[in-house]
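Enquirer: Handing you a structure now.
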Amino acid sequence: MLDFSELPKAYEAGKVEDEIYARWEASGIFNPDKLPDRNQKGEPYCIIMPPPNVTGVLHLGHALENALMDTMVRFQRMRGKKVLIIPSTDHAAMPTQAKVEKLLMQEGMKNPRQELGREKLVAKIREFAEQSKSTILGQIKKLGTSCDWSRLAYTFDDERGKAVHEMFFRLHKDGLIYRGYRVVNWSVKGQSTCSDDEVVMIERTTKLYTFKYGKDFPITIASTRPETKLGDTAVAVHPDDERYQSLIGKVYTVDVGAAKPLNIKIIADEHVDRHFGTGALGVTPAHSAVDFEMYEKQKTQGDPIDLIPVIGSDGKMTEEAGKYQGLTVDEAREKMVAWLKEQGLLEKEEEIVQNVGTSDRFGDVIEVIPMTQWWLNVNTIIPRRGKSLKDLMRDAMTIGLNGDIKQKISVAPERFAKLYLNRIENLRDWCLSRQIWWGHRIPVWYKDEETRVSETSPGTGWEQDPDTLDTWFSSGLLTFSTLGWPGETLDLKTFHPTGWITMGYEILYLWMMRMILMSAYVLDEIPFKDVYIHGLLRDEQGKKFSKSAGNNIDPLDVIREHGCDALRWSVLIGSAPGNDSKFYEEKVGGARNLVNKFWNISRFILMQIGQGGDGGSETLADQWILSRLNETVSSITKKLETYQFSSAGEELRDFTWGDLADWYLEIAKVEKGKEKILLHILQTILKLWHPFMPFVTEAVWSAAKFEGQLIVSEWPKIATSLAAPRNDEIKKIEQLRTLVIDLRRLRQEQGIEAAKQVEFVLIADSSIKQMIESNSAWIKRLINAETLTFSDTLPDGWATMVSGTITAALNVAGAIDVVKEGARLKKELAETVVYLSALEKKLENKDFMAKAPEKVVVDLKQKYSEAKHKEQMLSEQLDALS
RNA sequence: GGACGUUUAGCUCAGCUGGUUAGAGCGUUCGAUUCACAUUCGAAAGGUCGGAGGUUCGAUUCCUCCAACGUCCACCA
């Protein structure tokens, strides 16, 4: 016989978590190939972990993400699926290099790239990344995530490198990847390009200048950046604008101080807003994305305009800028404005609010500069496909790839699908190349005028392209590069498309879109069937957690203090899918109490075992709890299937704490011999709780010496015989519950200390009387009554009340204040009458009776007769009083 | 400028396709506590569901408008 009273009174998370995790890991069940037979035969279910950046350590967002994934995966594993969750990390090219460069500069280096050179700097970054990576992986273990470490991936390891190259070659062969001279987003500080998605718009006030290029120029234009006007080659007006119509097509030569006089052509473009400024737009093809588009358009229309770069990659004015050469943009602007004033060309100078793009990694204002870069064309038709990448991305979310509904992604919450589609329509070509050194180097080689695409050098004299690929190129492949692609592996066949994925809405575009693009293009498959978008965790004031704001919380600190289960619970519960939620200390405290409560419920049940024989037939309470348990199993299963984590958890808590602990276990203290049922209940709730609180449940499971490991035990089945609507017996106990609650309130209202044993007298009809009598032992216990007797009349001077169809009287010491009692009864009677009339109105409404579901009508009638009875009792008592 | 979201108890939030007297956690007040759990138990107070219309027998839920707050997008130079 095991002595469970030796178990610690309070659950000690810190003492057991690491050991439990190690045990799971050692038993191999994180690896789908080593799962029990039941799972081997089950449906494959794969989740790709959103790879944390190797830039730093985990934050609360990761805790949330891991809690979501792991809850889902444990649920699916217990249901018998062949479950795989693949852990990975992201080399995060730009941020990682930026971070290491910053560190080196803090150590005294002025320009790490110059001082170290490519090889040495990359080595430094690798060293940092490796260290950071191992920290992060350790942290993920602490979060309890049951991922398969044997399949660990890194976006910058050799296997992923192969996938990256292969993808590059295929896209290139199909003509989707091209090298082109176009304007890019350029961070002067980072000395690299970035994609549109990495540009963060910020609002600021700036001056808008209204001026002419020269005295003889017919049109006045406005600009916040006069210095770029040194590169203007056109003025665009709206084609229908009668003010300028006669000028369209004309060319004017002006001299604003650039190296050469500028030829300005008046062109028509309907993007021009007639009502903003002067209704005319100075076109600077080299330094504005929109203007560049006009430039391209003019070119295809056979009416070309020039492109003159006046700002260089160092952020300074170029040779083309003439007398402004070498100045920074700000200096040039000042000088230009001064010149305009001097010449009397400046007409107006006003403050306006404007959005400017900044680099999300380096923080500086993005300059738009024309450069030769590698691009991915999202609009051109893919050979043999008849569709563009953009089309594929759209199909995956609407009709399914190739019109196959099985190849359609569903997004929860749905609204994000709309946002995604909206975004796709505005997608422009993706700039792939980055001028940093940390990342997959572009597999293209040059020799003299020749270009060759190849993984390794084609021979002597060939120079590899110095640029690297955008990190998202490699993370976009993750759903299949982690499964062995480009090899035709068993994993790939088994697990792709993956089953489910979760991510924050902030990387919806950056990551989700690219995974869909890559997978649809190369595998003709969606990367995942379901996406669950989660919100952001914010602090108590609603601010984002960040290091710079100083409100950063390390999930490991929380675990150390309250345990992993408590952390998981507190990030999962109390929020709706896709909505942000707040994280604060009290929430974790509450979660820790819950974990401990759970521990003690289990401990109590275990301590009952061996206390007394088989209890014989099921009592009313037994039937009730078993029915509730079954309802709970059914509901939790359904909720987890539909990703209602918070709601599922809350219901589980309410059942376990409310129904089980506060009612059934209290009853069990009186009705002995429930060993078998208690054991069944314990095993069932351990399973239900396991996905939410893996550690405490496994700790109980092993302390109880139950068979095997909980993590691979079978999810409880829904007993269909009990799943039917509750029978009359179950209704009866609900009635008794109501009675107990009412009697407790009666005590409380009478101000009698709960400790004191008191006498109750009840008036009830015979069938109810019998029911109360056969359950009187635990009823007495729960209301702390010495005697519970029945009578036909109410004793004088006792406090009375009505509960359902039962009238109860409590013996209070001394006389009751008749006036006070009368007032109370009157109030209650009035409330009942109001309630009754509301019910009556409903029941008399023919339309309602015709349309309302039968269940509702039956319930209503029941309520009505109960209330009617109560009304009668109350008025009788009131009469008796007076 | 566009799109989306939020607005429900003192605080943090649930509330599925409209249906009994709108819920939870925390907090508050009152009471209990040798009992598995003071990381506990019982009871109570607290909401005209942001505002105004509309549809319906019935609206927190659906529609329209308005307000406040928030997020994302956008080529207003």
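Enquirer: Based on the alpha-carbon gyration tensor of region A:652-699, what equivalent-ellipsoid semi-axes (square roots of 5 times the eigenvalues) come out, in whole Å, largest first?
Expert: Numbers: eigenvalues 89, 32, 10 Å².
Equivalent-ellipsoid dimensions as semi-axes: 21, 13, 7 Å.
Enquirer: Determine one quarter of the surface area of the Cα convex hull of region A:828-882, which equals its mean projected area, and express it in nm² to one decimal. Please list the in-between numbers first.
Expert: Values: hull surface 14.6 nm².
That works out to 3.6 nm², a quarter of the Cα hull's surface.
Enquirer: Out of every Cα-Cα pair in region A:205-249, what percent are more than 11 Å apart?
Expert: Values: 705 of 990 pairs.
Tail of the P(r) past 11 Å holds 71 percent of the pairs.
Enquirer: Which trypsin sites (Lys or Arg not before Pro) in region A:23-58 sit in a loop by DSSP (not H, G, I, E or B) and have at most 13 other Cβ atoms within 10 Å of their own Cβ? Intermediate values should be presented prior to the final figure.
Expert: On the way: sites: A:Arg23, A:Lys34, A:Arg38, A:Lys41; in loops: A:Lys41.
Those satisfying the criteria are A:Lys41.
Enquirer: Further question: How big is the Cα convex hull of region A:548-608 in projection, averaged over all directions, in nm²? Before the final figure, lay out the partial values.
Expert: Working: hull surface 21.6 nm².
Dividing the Cα hull surface by four gives the mean projection, 5.4 nm².
Enquirer: Taking neighbour Cβ counts within 10 Å as the exposure measure, how do A:Lys687, A:Lys846, A:Lys717 sort from fewest upward? Don't skip to the answer; put the middle values down first.
Expert: Details: A:Lys687 21, A:Lys846 8, A:Lys717 11.
The order, fewest Cβ neighbours first, is A:Lys846, A:Lys717, A:Lys687.
Enquirer: Next question, about the same structure. Taking the Cα centre as origin and putting +1 on Lys and Arg beta-carbons and -1 on Asp and Glu beta-carbons, what dipole magnitude results for chain A, to the nearest 20 debye?
Expert: On the way: 114 positive and 128 negative charges, 147 e Å.
Its charge dipole is roughly 700 debye.
Enquirer: How large is Rg over Rh for region A:289-388, taking Rg from the Cα atoms and Rh as the Kirkwood inverse mean of 1/r across Cα pairs?
Expert: Rounded to two decimals, Rg/Rh equals 1.07.
Enquirer: For every other residue with a beta carbon closer than 13 angstrom to the beta carbon of A:Thr96, add +1 if it is Lys or Arg and -1 if Asp or Glu, then tell me the sum.
Expert: Net charge around A:Thr96: +3.
Enquirer: Now for a separate question. Taking the convex hull of the Cα atoms, report for region A:242-353 its projected area averaged over all directions, in nm².
Expert: Values: hull surface 32.8 nm².
With the hull built on Cα positions only, its mean projection is 8.2 nm².
Enquirer: Could you compute how fast region A:433-571 diffuses translationally, taking Rh as the Kirkwood radius over C-alpha pairs and applying Stokes-Einstein at 20 °C with viscosity 1.002 mPa s? Give it in µm² per second. Could you put the intermediate results ahead of the total?
Expert: Working: Rh = 18.8 Å.
Once the numbers are plugged in, D ends up at 114 µm²/s.
Enquirer: Using only the Cα atoms of region A:637-728, what semi-axes does the equivalent ellipsoid have when each is the square root of 5 times a gyration tensor eigenvalue? Give whole Å, largest first. Before the final figure, lay out the partial values.
Expert: Numbers: eigenvalues 89, 76, 38 Å².
Working from the Cα gyration tensor, I get semi-axes of 21, 19, 14 Å.
Enquirer: Please state, as a whole number in µm²/s, the translational diffusion coefficient that the Stokes-Einstein equation yields for region A:98-206 at 20 °C and 1.002 mPa s, with Rh defined as the Kirkwood radius across alpha carbon pairs.
Expert: Values: Rh = 18.1 Å.
So the translational diffusion coefficient is about 118 µm²/s.
Enquirer: Another question, if that's okay. When the gyration tensor of region A:12-120 is built from Cα positions, what are the square roots of 5 times its three eigenvalues, in whole Å, from largest to smallest? Kindly include the intermediate steps, with their values, before the conclusion.
Expert: On the way: eigenvalues 318, 56, 32 Å².
After scaling each eigenvalue by five and taking roots: 40, 17, 13 Å.
Enquirer: If exposed GluC sites (Glu not before Pro) are those in a DSSP loop with at most 15 other Cβ within 10 Å, what is the longest stretch of chain A that has none? Mind dumping the intermediate values first?
Expert: Values: sites that count: A:Glu12, A:Glu107, A:Glu242, A:Glu270, A:Glu414, A:Glu449, A:Glu455, A:Glu488, A:Glu540, A:Glu618, A:Glu707, A:Glu714, A:Glu753.
Result, exposed sites excluded: A:271-413.
Enquirer: Follow-up question, since we're still on this one. Can you work out ³J(HN,Hα) from phi for every residue in region A:454-465, in order, using Karplus 6.51 cos²θ - 1.76 cosθ + 1.60 and θ = phi - 60°, giving whole Hz and x for Gly and Pro?
Expert: Ordered by residue, 3J(HN,Hα) equals 6, 5, 10, 4, x, x, 6, x, 8, 10, 7, 3 Hz.
Enquirer: Please state the Cα pair-distance histogram of chain A with 20 angstrom bins from zero: what percent is in each bin?
Expert: Computed distribution, short to long bins: 12, 33, 28, 18, 9, 1.
Enquirer: Follow-up. Find the percent of Cα-Cα distances in region A:515-565 that exceed 14 Å, and round it to a whole number.
Expert: On the way: 898 of 1275 pairs.
I get 70 percent for the Cα pairs in region A:515-565 exceeding 14 Å.
Enquirer: Arranged by the count of other C-beta atoms within 10 angstrom, fewest first, what order do A:Met109, A:Met201 take?
Expert: Working: A:Met109 14, A:Met201 10.
Least crowded to most crowded, the residues run A:Met201, A:Met109.
Enquirer: Just how far, in whole angstrom, is region A:228-296 from region A:402-448 if you go by their alpha carbon centroids?
Expert: With region A:402-448 and region A:228-296 each reduced to a Cα centre, they are spaced 33 Å.
Enquirer: Please state the charge dipole magnitude for region A:268-314, taken about the Cα centre, from unit charges on C-beta atoms (+1 on K and R, -1 on D and E), reported in debye and rounded to the nearest 20.
Expert: 80 debye
Enquirer: Would you pull out the residues with amide H under 5 Å of A:Asp429's amide H, same chain only if 5 or more places away, H placed 1.01 Å from N?
Expert: Close amide H contacts, sequence-distant or interchain: A:Val378.
Enquirer: Name the residue farthest towards the positive end of the dipole of region A:1-43 from the options A:Phe30, A:Pro8, A:Ile20, assuming +1 on Cβ of Lys and Arg, -1 on Cβ of Asp and Glu, about the Cα centre.
Expert: Of A:Phe30, A:Pro8, A:Ile20, it is A:Phe30.
Enquirer: Where in chain A are the helices, taken as whole DSSP H runs, whose Cα atoms extend 15 angstrom or more along the long axis and whose Kyte-Doolittle mean reaches at least 0.0?
Expert: On the way: long enough: A:13-27 (21 Å, -0.78); A:60-78 (27 Å, 0.02); A:93-106 (20 Å, -0.10); A:112-142 (40 Å, -0.86); A:158-173 (22 Å, -1.05); A:289-300 (17 Å, -1.09); A:329-343 (21 Å, -0.87); A:415-425 (16 Å, -0.41); A:585-608 (35 Å, -0.25); A:620-641 (32 Å, -0.20); A:675-689 (21 Å, 0.86); A:728-749 (31 Å, -0.82); A:818-844 (38 Å, -0.13); A:854-881 (40 Å, -0.85).
Long hydrophobic helices here: A:60-78, A:675-689.
Enquirer: Per residue and in cubic angstrom, what volume does the convex hull of the Cα atoms of region A:617-664 have? Display every interim value, and only then the final one.
Expert: Details: hull volume 2.3 nm³, N = 48.
So the per-residue Cα hull volume is 47 Å³.
Enquirer: Rank these for me by crowding, A:Met503, A:Met515, going from fewest to most other beta carbons within 10 Å. Can you show the working numbers first?
Expert: Numbers: A:Met503 19, A:Met515 26.
The most exposed by this proxy come first: A:Met503, A:Met515.
Enquirer: Mind jotting down the distance between the C-alpha centroids of region A:334-366 and region A:14-62, whole Å?
Expert: If you average the Cα positions of each part, the centres end up 54 Å apart.
Enquirer: For region A:486-585, state which chymotrypsin sites (Phe, Trp or Tyr not before Pro) are in a DSSP loop and have at most 15 other beta carbons lying within 10 Å of their beta carbon.
Expert: Details: sites: A:Phe495, A:Trp500, A:Tyr505, A:Tyr509, A:Trp511, A:Tyr521, A:Phe528, A:Tyr532, A:Phe545, A:Trp569, A:Phe583, A:Tyr584; in loops: A:Phe545, A:Phe583, A:Tyr584.
The qualifying sites are A:Tyr584.
Enquirer: Give, rounded to the nearest 20 debye, the magnitude of the charge dipole that region A:170-237 has about its Cα centre when Lys and Arg contribute +1 at Cβ and Asp and Glu contribute -1 at Cβ.
Expert: Around 180 debye, computed over region A:170-237.
Enquirer: Please sort by residue number the trypsin sites (Lys or Arg not before Pro) in region A:735-769 whose DSSP state is loop and whose Cβ has at most 11 other Cβ atoms within 10 Å. Spell out each step's value before the answer.
Expert: Details: sites: A:Arg737, A:Arg744, A:Arg745, A:Arg747, A:Lys756, A:Lys769; in loops: A:Lys756.
For trypsin sites (Lys or Arg not before Pro) across region A:735-769 that sit outside H, G, I, E and B with at most 11 neighbouring Cβ atoms in 10 Å, the list reads A:Lys756.
Enquirer: Continuing with this model, one more query. For region A:535-657, what number results from the quotient of the Cα radius of gyration and 2.2 N^0.38 Å? Spell out each step's value before the answer.
Expert: Details: Rg = 18.7 Å, N = 123, 2.2 N^0.38 = 13.7 Å.
So region A:535-657 has a normalised radius of gyration of 1.36.
Enquirer: Moving on to the next point. Could you give the distance between the Cα centres of region A:823-876 and region A:659-698, to the whole Å?
Expert: Region A:823-876 and region A:659-698 have Cα centres separated by 38 Å.
We did not get these values from a lab; they are worked out from the coordinates using the rules stated. Just so you know, these numbers come straight off a predicted model, no measurement behind them. In this analysis, Cβ positions are derived from the backbone assuming ideal geometry, glycine residues included, and neighbour counts consider all displayed protein chains.
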